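Peer 1: Sharing a structure here in structure tokens format.
The values are calculated or read from the model by the stated rules, or taken from the named source; none is laboratory data. What you see is a predicted model; the values in this text were computed from it and never measured. Glycine gets a Cβ as well: all are built from the backbone with ideal geometry, and neighbour counts include every protein chain shown.
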Amino acid sequence: MKQKSGKKEYAKEQVVHHAKEPDAVYDITKPENNMLSKSSVIASVKNLPDKFTIDELIERLLFMQSVEKGLKDSKEGRVYTEAEAKKKLKKWLK
């Protein structure tokens, strides 16, 4: 399934919609949307056990990427107030 944003079409797996901006498209294939610093990756890998699977490494990197995106969203004001979050959770937990 393709989604349109302006003139560009995106595959469904390329797109993440932000809760506060449902019409905005966050293209996860763009490098600038997925950047991690080498130093943070190295520090994270150093915290892994001496032996680990590729899946564990990828899971760690994806977690780091999610945290970085959340921090960026927070800096740019894309956050929920406590009341908004409680309202959303109330709907989801029905």
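Peer 1: Across segment 38-56, what is the number of residues that are surrounded by 11 or more Cβ atoms within 10 Å (Cβ to Cβ) and in a loop (DSSP other than H, G, I, E, B)?
Peer 2: So the answer is 2.
Peer 1: Only one of these conditions is not met by residue 13: (1) in a helix (DSSP H, G or I); (2) at pLDDT 65 or above. Which number is it?
Peer 2: (2)
Peer 1: Of all residues in segment 57-89, count the ones that are assigned to a helix (DSSP H, G or I) and touching a residue at least 60 places away in the same chain (Cβ under 8 Å).
Peer 2: Counting residues in segment 57-89 that are assigned to a helix (DSSP H, G or I) and touching a residue at least 60 places away in the same chain (Cβ under 8 Å) gives 1.
Peer 1: Suppose we keep only residues that are surrounded by 12 or more Cβ atoms within 10 Å (Cβ to Cβ) and within 13 Å of the chain's Cα centre (by Cα) within segment 68-89. Which one would you say is farthest from residue 38 (Cα to Cα)?
Peer 2: 78
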